[in-house]
Every structure is written in C-alpha cells, then in structure tokens.
Amino acid sequence: MKVLKFGGTSVGTSESLGNVKKIVEGLKDRCVVIVSALGGLTDKLIATAKMAAEGNGSYKDEMQSIRLRHYNIVNDVIAEDKKGEVLEIINPLLDELERNYDGIALLGDLPGRTLDVVVSFGERISSVIVSRMIDGARHFNSLDYVKTEKWFNKNIADTELTNTLIKDTFSEDYEIAVAGGFISTDRDTGEITNLGRGGSDYTAALIAAALDAEVLQIWTDVDGFMTADPRIIPEAFVVVHMTFIESMELCSFGAKVIYPPTIYPVFHKNIPIRILNTFNPEAPGTWITDSAKVTDIPVKGISAVRQTSLVEIYGECASNVPEINSRTFNALAKNGINVYLVRQPDDEKAVFAFAVGTPDLERALKVVEEEFAPEILSGDITETLAIPDLATLAVVGDNIRSDTRIKARLFNTLQRDGIDVLASSTGSSQTTISFVIPEQDVTRALRLAHSSFFGGTGISDSETL
Ligand code: ADP
Ligand code: ASP
Ligand code: MG
C-alpha cells in the first residue's frame, strides 16, 4: 500500500490534474492520495480575507474568481455524468466561504480562528474534485481524523489520537482513497485548524506511518531533492539518494521541498520517502531512506533560512558554557522556539550567542530574560543584544563534521568574497555545518558554496574538496 501526496502545482491546472489522474490510475495498487489546495489558492484565500477585514470591497471580485477557477477545473476534468454531483458538494462549500468573507468584512477583523476556517476550503474543495476525477476513488474527510492540540500559540498534531483515528478510518473498504492535506480539527473544541503552511506533506506522512505504507511518494514540480533550490542555483542537480537525517536537516534549514515535521513519522517507521515530478513522472526522483550508499558524495545539499537573528549574551556568566548552553536550549525549546545555531564564547570576549528565526526573536529575548533573571540581577549577565537581518546558511551531508576541511574551506570561500561570517555552528549535529551571514549576501553565499562543492558544471566530485 502506497501513500501519494500531490502539492499545489500538481493540482493547479486542468493539465496538471490530467497528469495526476494518469499517475494514480496507472498505479494499479491500493493507495491513499493526499492533495493540496489548487496551486496558489491558499495565498489567495488569505489575501482575500485580509482585504475583507480592511474593508476593501474588491474581496467580492476575488471571491468570484476563486469560484470561477474551481468551476473551470470541474468543467475540464470531471466526466459529464459526475459534474452535477461535484457541484452539489462544492457549491455549499464555496457559499460558506463567501459567508465567511462577508462576516469578516462586517466585523472589520480577522481572528486567527476565522482565518483557519477560510484556508481550509482550499483542500476541502480540491480533494472532492480529485476524488471524482479519478476512476474508482473514494473521498475521505481529513477534518474527521487529523487532530491538533494547542501548544503555546500554535496548533500541533496530536499524533497519538490522529494515528488511532487514521487506522480506524482507513480500515474501511477502498482501492484508491483521496483526502485533503493540511486541514485538521482541534481535539478538544472541534474547531477547524491546520498543520501549518506546506502541511499537506505532513498529513501524508501521518497517514503513511499509521497505515505502515511501503512508501510515501511526494509528487511535486521538480525532478527530486536537489543540491540546492533550483530557483536560486540553476546548476543544482538531483540527489538520487539521501538519508532521513540529511533531508530533515536540509528542510529545517529552508529547503522547501518537504515540510520539516513530515520526516519524523516515516523515519520512525522506516518508511522510505520518494520525491517525484508530476510533470516528468519518468524521472527517477530521490529516495530518502535510513542509509545512503557508502560511495555517496559527502555534501548532499546546501540551503538557507532567511530572516535569522542572532542573540548575544554578554557577561561573566557567558563563560560557563555547558550551563548557559543547556539552559538556553531548554528554555527556548519549552517555548516552541527553534534554535538554528549556537556560537560558543572565544577567549577574547565573554559572549554567548544563538540564532533564531526573526519572527521568534521577540519571544526568544523574553524567554532568555526570564530564564536568566537572577544572573541579570547579580550582574553576571551585563547585556543581551539582538542582531537582525541575517540568514543561516547550511551545508548538509552525513558525517560532514568529521572532515574539518569542509568547514574551513567554506569559511575561507565566504571570507575571501567579503561575506562576513557572524557565527558558525559548533553544535552536536554530525550532519550539518551552518554559518550566520548578513541576509543581503545569502544568494551570493549559496552560489559560492554550491560551486565550491559541486563545481559550476553540476557534476559532484568529492575530490574537489
Ligand atoms: P508543492 O506545492 O508540491 O508542495 P513546494 O513549492 O512546497 O511544492 O516545494 C517544491 C519547491 O521547492 C520546488 O519548486 C523548488 O523551487 C523548491 N526547493 C527548495 N529547495 C529545494 C531543493 N533542495 N530541491 C528541490 N526543490 C527545492
Ligand atoms: N495549501 C497549503 C499551503 O499552501 C498546504 C500545502 O500545500 O501543503 O500551505
Ligand atoms: Mg510543499
């Protein structure tokens, strides 16, 4: 049994939906198909909600174009005898969306809960269309079995409950099941929530893990997981095989190809992930498994997270590295804040520093100030400083850290080109080397790093190291 996930671009047009139909019907295997909203629709649903909240009457035109886009797709991809049935299901959903927009306009406000309802319509509608487009498919409603719980200000999957509900739901009879990704409901209130932007991958992984699928196929718009984002590095090439850890690191450092939480559930069950191209189904794609071949290249990929900030902690206390390290990590983790990198103090100045995403900066400062309140009071910490407008560049490959030449080489390459390295990783990961650099230099740094490791030719060669 296989789980296949098709992203927004794969279900974005009548032509691409034609490819999806061919791929699934050609599978001749029991499968669950998870789909995103039509490409670009989630952004549009959000933008339209904001318009309505701001009192901009054009939201009505936007709503009309959302309606028409779905009607055109139904017209193109659904068999004549099924069109009426599909419209009977999606019309009430579109009407409900419209009522939500009118409500937002009337209120002049857009609470998070309402936005969650608004964005849910994307997958609720696309999944109905795809289920009626594929011969012999049956629709399942992800709002019924993907459950979230509150964690600080976020909704996170209640994986245990979701696992049980998925097992129950999908024990029913079907050959091809189709369901929407991304959407969920709160386990306590039943309110509509979601798994976060890009979350359809995660829905598919939760289902693959619960059902012990033989593979999780992520169908997207590129030939596989590449050495870098092909939109930034045109020479980037497909990595045929990478490990779960490598893909996890690349994705947490900004490679958009898979939503980061996706990897845990399948990694845990040792279910391989395969990245495939809906627009070029013959391409071999990328296999992500628990081990890579020994002959594989040492550097698998390069990625970057923009919007990084560095927090520097000055004072005597900064020299007590193990303690400050663990207290900072624990306090931030407890508050759901991800730390990209930690810089240890050097001999010259007692400064401990860590990098976080700029959207988390304000909270991170508050958490650190609370955690170290006694030291601030006693003067062991003299100052906490935030440096914004930075990016974290990551170079990933299993055991990359065991070869010290790789880090030195990258550091020199960046410095030689005048890119200021504000911090570099010294953490525990054996798989990633990361650098904090000015955000304005990130594209140049990615290009330099890529050509340094892979050459300009797109041919990987470990000897160039
Ligand atoms: P989907 O809509 O199918 O979920 P996404 O847009 O979320 O697709 O992810 C696919 C995109 O990720 C690609 O079009 C590509 O531009 C981008 N991307 C970023 N880094 C990488 C990488 N290392 N390898 C492949 N694609 C990448
Ligand atoms: N439609 C959602 C988004 O655009 C979820 C997804 O596509 O994975 O973020
Ligand atoms: Mg995606």
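The values are calculated or read from the model by the stated rules, or taken from the named source; none is laboratory data. Bear in mind the structure is a predicted one, so any value in this text is a computation, not a measurement. FYI the Cβ positions are ideal-geometry reconstructions off the backbone, even for glycines, and counts take in every protein chain you see. SASA here: full protein model, heavy atoms, side chains in, ligands and nucleic acids out. Shrake-Rupley method; radii C 1.70, N 1.55, O 1.52, S 1.80 Å.
Can you tell me which residue within the stretch 99-121, out of those that are of a type in the set (D, E, K, R) and not in a loop (DSSP other than H, G, I, E, B), is surrounded by the most Cβ atoms within 10 Å (Cβ to Cβ)? Within the stretch 99-121, the match that is surrounded by the most Cβ atoms within 10 Å (Cβ to Cβ) is Asp116.
Of the residues making up the stretch 415-447, those that are modelled with pLDDT of 95 or more and assigned to a helix (DSSP H, G or I) number 9. The helices (runs of 4 or more DSSP H) falling completely within the stretch 1-98 that include 2 or more residues that are within 25 Å of the chain's Cα centre (by Cα) map to 14-25, 41-53. Inspection of the stretch 241-254 identifies at least one residue that is more than 16 Å from ligand 2 (Cβ to nearest atom) and part of a loop (DSSP other than H, G, I, E, B).
Considering only residues that are in contact (Cβ under 8 Å) with a residue 60 or more places away in the chain and open to solvent by 10 Å² or more (accessible area, probe 1.4 Å), which ones fall in the stretch 391-412? Steps first, answer last, please.
In the first step, residues of the stretch 391-412 are kept if they are in contact (Cβ under 8 Å) with a residue 60 or more places away in the chain; the result is 391-400, 403, 405-406.
Correct list: Asp398, Asn399, Asp403, Arg405.
Look through the stretch 280-302, keep the residues that are in contact with a helix residue (DSSP H, G or I) (Cβ under 8 Å, 6 or more places away or on another chain) and over 23 Å from Met1 (Cα atoms), and return whichever of them is nearest to ligand 3 (Cβ to nearest atom).
Only one residue fits best here, namely Gly301.
Here Ala333 passes the criteria (1) surrounded by 21 or more Cβ atoms within 10 Å (Cβ to Cβ); (2) hydrophobic (A, V, I, L, M, F, W, C); (3) without any contact (Cβ under 8 Å) to a residue 12 or more places away in the chain except the one numbered (1).
Name the single residue, out of those in the stretch 233-252 being out of contact with any Asp or Glu (no Cβ under 9 Å at 6 or more places or on another chain) and among the aliphatic types (A, V, I, L, M), that is most open to solvent (accessible area, probe 1.4 Å). Among those residues, the one meeting the criterion is Met248.
The single condition among (1) in contact with a Ser or Thr (Cβ under 9 Å, 6 or more places away or on another chain); (2) part of a loop (DSSP other than H, G, I, E, B); (3) at pLDDT 95 or above; (4) more than 16 Å from ligand 3 (Cβ to nearest atom) that Pro265 does not satisfy is (2). Among residues of the stretch 348-390 being surrounded by 16 or more Cβ atoms within 10 Å (Cβ to Cβ), among the β-branched types (Val, Ile, Thr) and more than 21 Å from Gly336 (Cβ to Cβ), the one that is nearest to the chain's Cα centre (by Cα) is Ile387.
Quick one: which of Leu165, Leu143 is among the hydrophobic types (A, V, I, L, M, F, W, C), away from ligand 1 (no atom under 16 Å from the Cβ) and free of Cβ contacts under 8 Å to residues at least 24 places away in the same chain? Working first, answer last.
Working: Leu143 fails: free of Cβ contacts under 8 Å to residues at least 24 places away in the same chain.
Criteria check complete, one pass: Leu165.
Scanning the stretch 175-187 for residues that are at negative phi and either open to solvent by less than 10 Å² (accessible area, probe 1.4 Å) or in contact with a strand residue (DSSP E or B) (Cβ under 7 Å, 6 or more places away or on another chain) (or both) gives Ile176, Ala177, Val178, Ala179, Gly180, Gly181, Ile183, Ser184, Thr185, Asp186, Arg187.
Within 16 Å of ligand 2 (Cβ to nearest atom), under 18 Å from Thr432 (Cβ atoms) and of a type in the set (A, V, I, L, M) - does that describe any residue in the stretch 261-269? Within the stretch 261-269 (the criterion being within 16 Å of ligand 2 (Cβ to nearest atom), under 18 Å from Thr432 (Cβ atoms) and of a type in the set (A, V, I, L, M)), the answer is yes, since at least one residue qualifies.
Suppose we keep only residues that are polar (S, T, N, Q) and surrounded by 22 or more Cβ atoms within 10 Å (Cβ to Cβ) within the stretch 188-202. Which one would you say is farthest from ligand 1 (Cβ to nearest atom)? Break it down stepwise before answering.
Kept after step one, since they are polar (S, T, N, Q), are these residues of the stretch 188-202: 189, 193-194, 200.
Restricting the remaining residues to those that are surrounded by 22 or more Cβ atoms within 10 Å (Cβ to Cβ) gives 193-194, 200.
On the way: Thr193: 19, Asn194: 14, Ser200: 7 Å.
Filtering the stretch 188-202 for residues that are polar (S, T, N, Q) and surrounded by 22 or more Cβ atoms within 10 Å (Cβ to Cβ), the one farthest from ligand 1 (Cβ to nearest atom) comes out as Thr193.
In the condition set (1) closer than 18 Å to Asp173 by Cα; (2) open to solvent by 20 Å² or more (accessible area, probe 1.4 Å); (3) not small (Gly, Ala, Ser), Cys31 is compliant with all but (2).
Only one of the numbered conditions (1) within 16 Å of ligand 1 (Cβ to nearest atom); (2) modelled with pLDDT under 95; (3) among the aliphatic types (A, V, I, L, M) is violated by Ala318, and that is (1).
Listed by first and then second residue, the pairs linking a residue in the stretch 203-232 that is open to solvent by 40 Å² or more (accessible area, probe 1.4 Å) to a residue that is in a strand (DSSP E or B) and polar (S, T, N, Q), with Cβ atoms under 6 Å apart and 6 or more places separating them unless they lie on different chains, are Asp223/Asn277.
Considering only residues of the stretch 253-271 that are farther than 19 Å from Ser36 by Cβ and crowded, with 19+ Cβ neighbours inside 10 Å, which is nearest to ligand 1 (Cβ to nearest atom)? Before the answer, list the steps.
Step one: of the stretch 253-271, the residues farther than 19 Å from Ser36 by Cβ are 253-254, 264, 267-271.
Checking the rest, the ones that are also crowded, with 19+ Cβ neighbours inside 10 Å come to 253-254, 267, 271.
On the way: Phe253: 10, Gly254: 7, Phe267: 18, Ile271: 19 Å.
Step by step, filter the stretch 253-271, then rank; the result is Gly254.
Each row is one residue, and each column tells you yes or no for (1) in contact with a strand residue (DSSP E or B) (Cβ under 8 Å, 6 or more places away or on another chain); (2) hydrophobic (A, V, I, L, M, F, W, C); (3) touching a residue at least 60 places away in the same chain (Cβ under 8 Å).
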site: Gly84; (1), (2), (3): no, no, no
site: Ile104; (1), (2), (3): no, yes, no
site: Pro111; (1), (2), (3): no, no, no
site: Thr114; (1), (2), (3): no, no, yes
site: Val119; (1), (2), (3): yes, yes, yes
site: Glu123; (1), (2), (3): yes, no, yes
site: Thr148; (1), (2), (3): yes, no, no
